[in-house]
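Taking it in order: structure first as C-alpha cells, then the write-up.
The values are calculated or read from the model by the stated rules, or taken from the named source; none is laboratory data. Just so it is clear, the structure is predicted and the values come from calculations on it, not from any experiment. We place every Cβ from the backbone using ideal geometry, glycine too, and count neighbours over all the protein chains shown. The protein model used for the area step is the full one, side chains on, heavy atoms only, and it has no ligands, DNA or RNA in it. Shrake-Rupley method; radii C 1.70, N 1.55, O 1.52, S 1.80 Å.
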Amino acid sequence: MTMAVTLLLARVSQRYLDAYAAAVDPGDPEGAYLAWDPPDGWTDLDWSSGALVESARYAGLGPERIAALGAAVGGDPAVDVSFVLPGHPWSAFGRPAAVGPVAVARTARTLGRIDWPGVMAALPDADGEAIAALGGVCGLTRDPRGYLSGHFAALRALYETAAHHGQLVVLWWD
C-alpha cells in the first residue's frame, strides 16, 4: 500500500514547540518524527495549497489576500522551525515552516474576509476548464470547487482557532 505525501498544518503553542525542540535529537530523524505529535489540532490540505492560491489569483483577489493565502499554506521564512522533523524523508517537498501567533491572527482575519463562493464562481463552469485555468494543480479530483472549498474551509477554521488561542501554525509535508 502506498500513501500520498500531503501538506499538513498543526496549531501549536510556543510551549509545545519549545519542549519539542529541547527533546529532539537532530541526529535521530526517526526519533524526531515519532516525537512530533501536535496535541492541539491539525488539518490535511492534501495537494490543494497551490490551487487555493491560484484560485485567488484567477478570481482577481487583491495582493493582500493572495499574499495571506500564500503565507497560510507556505509559512513565514522569518519563523525558524528548522528543528522540526530534521532529516524527514519528505523534506524534498519543502522543509517544515511556520506562521507566528501575530501573523496567524492577521492571516485569520484576512482569510475570514475572503468571499470563497465568489472565488469559486469566478472559475470556468466546466470542471475540466476550471482545473486547466488553475494550471492543473487540483490534485486528483473531478470536482475542483468541492475539493478547494472543503480545504479552504478547513484552512480558515484552523487559522481562526489558532488565532483564538494565540498559537503558531506549523506546516510540513508527510
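Based on protein heavy atoms only, the chain ends up with 50 Å² per residue of surface accessible to a 1.4 Å probe. Note on the stretch 15-108: Cα convex hull, mean projected area over all directions, 6.8 nm².
Counting only protein heavy atoms, what percent of the accessible surface of the chain is carbon or sulfur at a 1.4 Å probe?
Ligands and nucleic acids excluded, carbon and sulfur give 56 percent.
Pairwise Cα distances in the stretch 96-174 exceed 22 Å for 37 percent of all pairs. Taking the helices alone, the chain has a mean residue ellipticity at 222 nm of -15000 deg cm²/dmol, built from -39,500 (n - 2.57) per DSSP H run of at least 4 residues and averaged over all its residues. The 3J(HN,Hα) values that the Karplus relation (6.51, -1.76, 1.60; θ = phi - 60°) gives for the stretch 122-129 are, in residue order, 6, 6, x, 5, 6, 4, x, 5 Hz. Gly and Pro appear as x. Computing FRET efficiency as 1/(1 + (r/R0)^6) for residue 40 and residue 133, where r is the C-beta to C-beta distance and R0 is 35 Å, gives about 0.45.
Net charge in the neighbourhood of residue 8 (other residues with Cβ under 15 Å of its Cβ; Lys, Arg +1, Asp, Glu -1) is -3. Using all Cα-Cα distances in the stretch 1-70, what percent lands in each 10 angstrom bin from 0 up to the longest? P(r) over the stretch 1-70, rounded to whole percents: 17, 31, 30, 19, 3. Expressed as an acute angle from 0 to 90° and rounded to the nearest 10, what is the orientation of the C-alpha long axis of helix 63-74 relative to the principal long axis of the chain? The two axes meet at around 40 degrees.
Taking the longest Cα principal axis of the chain as reference, the axis of helix 14-23 is set at about 50 degrees.
With point charges of +1 on the Cβ of Lys and Arg and -1 on the Cβ of Asp and Glu, referenced to the Cα centre of the stretch 1-107, which listed residue (38, 22, 104) lies farthest in the positive direction of the dipole? It is 104.
Summing +1 for each Lys or Arg and -1 for each Asp or Glu among the other residues whose beta-carbon sits under 14 angstrom from that of residue 42 gives -4. Evaluated with a Cβ-only charge set (Lys, Arg +1; Asp, Glu -1), the stretch 1-122 carries a dipole of roughly 540 debye about its Cα centre, given to the nearest 20.
If you line up the long axis of helix 144-165 against the longest principal axis of the chain, both from Cα atoms, how many degrees apart are they, to the nearest 10? Once rounded, the angle reads 40 degrees.
Surface calculation, 1.4 Å probe, protein heavy atoms: residue 164 sits at approximately 150 Å² accessible. Of the peptides 103-113, 19-29, the ranking by mean beta-carbon count within 10 Å, highest at the top, reads 103-113, 19-29. Segment residue 57..residue 109, full-extension length gain: 16.9 nm, with 0.36 nm per residue of separation and the alpha-carbon distance subtracted.
Rolling a 1.4 Å probe over the protein heavy atoms leaves residue 147 with an accessible area of roughly 30 Å².
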